[in-house]
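A.B. asks: This is the structure I have questions about; it appears just below.
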Protein chains: 2
Amino acid sequence: MREELIRIAKEVEEKTGIPTYLRSLENILLALNKTNNFWLIVRYSGEPLNLVAESLKYLAKNNYVLFDGDKIKLSTKGIEYISSNFIGYEKHTCTSCRGRGITIDRLGDDVVKDFLKIHDNRPKAIQEYDQGYVAPEITLARVALMDSYGDIRGRRILILGDDDLVSLAIGLTKVAREIAVVEIDKRLTDYINKISKDYGFDIEIYTMDLRKPLPKELLGRFDTFQTDPPETIKALKLFIGRGIAALHGERCAGYFGLTRIDASLDKWLRFQQILTNEFRVVITDIIRDFNEYIDWDYIDQMHGWKVAPIKAKPTGIWFVSSQYRIETLRDFKGFNKPMLDEDIYVDEELASA
Amino acid sequence: MREELIRIAKEVEEKTGIPTYLRSLENILLALNKTNNFWLIVRYSGEPLNLVAESLKYLAKNNYVLFDGDKIKLSTKGIEYISSNFIGYEKHTCTSCRGRGITIDRLGDDVVKDFLKIHDNRPKAIQEYDQGYVAPEITLARVALMDSYGDIRGRRILILGDDDLVSLAIGLTKVAREIAVVEIDKRLTDYINKISKDYGFDIEIYTMDLRKPLPKELLGRFDTFQTDPPETIKALKLFIGRGIAALHGERCAGYFGLTRIDASLDKWLRFQQILTNEFRVVITDIIRDFNEYIDWDYIDQMHGWKVAPIKAKPTGIWFVSSQYRIETLRDFKGFNKPMLDEDIYVDEELASA
């Protein structure tokens, strides 16, 4: 079976253009031990959605899995591969913090309560800008993470794309020195503007397309940035390069999410090379599955739905990403060139846009 | 004060040869808000011990801190710098898992109980090999982490240097396919050999100096490696390069600790460049302060003691490291050349050897 699976991996790679390994297929088969729902198979496998979708079709054709109504199941042959190799896993994730290592209660009851209320009335995610936001508890957990590392109190903070309303959560803590937001969607900047006024704190707001260079007054000014870009190399370079260009010097911090659902580990490596060679920033933290996203309304319009082998909705939170933290070091470099004619939402791996 | 601190950072850097930033000094001052013990200041600051030791002397000379018997305290001027800049942090670390994101209870009572017993009678850490091991719960947490990602069940696992007895903890789970250990200290290999026989599982043991190349039968054979090297670039390249050389192919995993106490973030960056450019492996996880070490007997013999501005013992767990996980990708490369004449325990940043 090993040889057959290696051949299947090769076929999937030819079809999708995404590096596919024996271990990718093993990860998918093992995920099928835990769930029968396509979207959760994607989450648990840690493999790119497009790769999982195509692999499942080939695995079905070769009798490792079978499609049963809404459900995807291991066949006898699939079960035999797993048991004859004794492979498997048990998640030992902490149930208190769901593996994030961070809790939000020390932010204070008021901050938590107010932010949940603010979140209730927020504009919904739209496809035009590849939106899709995290649960409000996760936005708060990001703020708690930033506060744990000294990146909020007395700091100037820039949010690049604020679908997750991080600026408002930070604003509620009242400990930041300055907060600025660059966001393309006027629905969001209007909402952020209104809420910050209601609660009595200042946020400097720019409604603009990040493919344009950042305006001069934002460059070399901030201590901390936060962003959550689409996972094409272009978008990563754009959002994180802009973030770095906005930092005022060495040992400033950047936070961002990076999913494996829209990016293979091969793409992760290319991006890590950009971070360490081109931008000369160090990666201080990578916290797996830190970010859990609320399902967006356009799920049946996105590319991932088209390739899904079975058209059934997710049965639980399926879209997750790892939280990165970086720090600038001597001779670091950002990226502020225009990228106006580029489509930053499309490559062979991106499925959620 | 800002200009003065920038000047102090420059002086510390000239003295120590370690990149020193305004933020390094801020991190030290902020740590003094939480503790008066030198070793805990090192831990909380996240800065290299040698840098912290030297900085404290300069900060005292310039009246930001004062030495009061066994205690190191912020002076009025130090407090004023912090409060006038509004900087600070609050740790939001999950109290259930202490920020690791992983719990050990699902390993089973027997595994936990047996391993604690095994740990009670283990050989103590000695300076000759820069030993210093983690608390037994941490060794178990490492195993739980590896199990969460499918890197133990049915897998061939190599431990390079097993001061932490990871091989025995994995052995107790009885789910690995093969376990091998390469370790220089005969006291440890004898102990591992005896215990594995007592508990009825096999561990393949090599008592050898890792500066020699790995023997042929260990190359290209394993699914997973685990190591916890000293933080000189030479030792990192040696231990992790050997580990990668022992892996059988693409999408295999490596686990190791990396501290900031013996390594500046600048050294972290150099090492991340080696990982991503030279070894072509991707970093999938960096979990801060995952590893907490038990104080070793030779603390007052090590370099860090000599440079400490105050000769008082730690008042709590002070030595910590981040847990890394990497995966091999296409065209990855290990390192198995001899490094026999090199001193792998010494550079300007290493303080714990």
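A.B. asks: Residues to consider are A:Ile18, A:Ile6; find the one that is among the β-branched types (Val, Ile, Thr), surrounded by fewer than 19 Cβ atoms within 10 Å (Cβ to Cβ), within 14 Å of chain B (Cβ to nearest Cβ) and under 15 Å from B:Arg330 (Cβ atoms).
C.D. replies: Matching residue, one of A:Ile18, A:Ile6: A:Ile6.
A.B. asks: Filter region B:104-157 down to residues that are β-branched (Val, Ile, Thr) and in contact with a helix residue (DSSP H, G or I) (Cβ under 7 Å, 6 or more places away or on another chain) and give me whichever is farthest from the other protein chains (Cβ to nearest Cβ).
C.D. replies: Once the filter is applied, the top-ranked residue is B:Ile118.
A.B. asks: Moving on to the next point. Looking at (1) of a type in the set (D, E, K, R); (2) buried (at least 18 other Cβ atoms within 10 Å of the Cβ); (3) closer than 24 Å to A:Asp300 by Cβ, which one does A:Arg100 not meet, given that it meets all the others?
C.D. replies: Among (1) of a type in the set (D, E, K, R); (2) buried (at least 18 other Cβ atoms within 10 Å of the Cβ); (3) closer than 24 Å to A:Asp300 by Cβ, the lone unmet condition for A:Arg100 is (3).
A.B. asks: Anything in region B:41-82 that is within 18 Å of the chain's Cα centre (by Cα) and touching a residue at least 40 places away in the same chain (Cβ under 8 Å)? List them, or say none.
C.D. replies: Listed by number, the residues that qualify are B:Val42, B:Arg43, B:Gly46, B:Glu47, B:Pro48, B:Leu49, B:Asn50, B:Leu51.
A.B. asks: Within region B:260-287, track down each residue that is facing another protein chain (nearest Cβ under 9 Å), aliphatic (A, V, I, L, M) and farther than 11 Å from B:Ile326 by Cα.
C.D. replies: Hits for region B:260-287 are B:Leu265, B:Leu269, B:Ile287.
A.B. asks: Also: Scan region B:206-238 residue by residue and report those that are of a type in the set (S, T, N, Q) and either assigned to a loop (DSSP other than H, G, I, E, B) or in contact (Cβ under 8 Å) with a residue 40 or more places away in the chain (or both).
C.D. replies: Result: B:Thr224, B:Gln226, B:Thr227, B:Thr232.
A.B. asks: When you look at A:Ile274, is it open to solvent by 10 Å² or more (accessible area, probe 1.4 Å), β-branched (Val, Ile, Thr) and touching a residue at least 24 places away in the same chain (Cβ under 8 Å), yes or no?
C.D. replies: The answer is yes for A:Ile274.
A.B. asks: OK, next. Which of (1) acidic (Asp, Glu); (2) open to solvent by 10 Å² or more (accessible area, probe 1.4 Å); (3) under 22 Å from A:Ile261 (Cβ atoms) is the odd one out, the single condition A:Glu80 does not satisfy?
C.D. replies: With (1) acidic (Asp, Glu); (2) open to solvent by 10 Å² or more (accessible area, probe 1.4 Å); (3) under 22 Å from A:Ile261 (Cβ atoms) applied to A:Glu80, the lone miss is (3).
A.B. asks: Restricting to region B:113-144, and then to whatever is buried (at least 21 other Cβ atoms within 10 Å of the Cβ) and in contact with a strand residue (DSSP E or B) (Cβ under 6 Å, 6 or more places away or on another chain), can you tell me which residue is farthest from B:Ile184 (Cα to Cα)?
C.D. replies: B:Ala144
A.B. asks: Given B:Gly241, B:Gly257, which one is assigned to a strand (DSSP E or B), in contact (Cβ under 8 Å) with a residue 60 or more places away in the chain, more than 14 Å from chain A (Cβ to nearest Cβ) and under 23 Å from B:Ser167 (Cβ atoms)?
C.D. replies: Among B:Gly241, B:Gly257, only B:Gly257 is assigned to a strand (DSSP E or B), in contact (Cβ under 8 Å) with a residue 60 or more places away in the chain, more than 14 Å from chain A (Cβ to nearest Cβ) and under 23 Å from B:Ser167 (Cβ atoms).
A.B. asks: Next question, about the same structure. Which one of B:Glu90, B:Glu14 is modelled with pLDDT of 95 or more and assigned to a helix (DSSP H, G or I)?
C.D. replies: B:Glu14
A.B. asks: Name the residue, out of A:Tyr191, A:Tyr199, A:Tyr206, that is in contact with a Gly (Cβ under 7 Å, 6 or more places away or on another chain) and of a type outside the set (A, V, I, L, M).
C.D. replies: One residue alone meets the criteria, A:Tyr199.
The values are calculated or read from the model by the stated rules, or taken from the named source; none is laboratory data. Everything quoted here is computed from the prediction, not taken from an experiment. Neighbour counts run over all protein chains shown; Cβ positions are idealised from the backbone, glycine included. Keep in mind that these areas ignore ligands, DNA and RNA; they rest on the heavy atoms of the full protein, side chains included. Shrake-Rupley method; radii C 1.70, N 1.55, O 1.52, S 1.80 Å.
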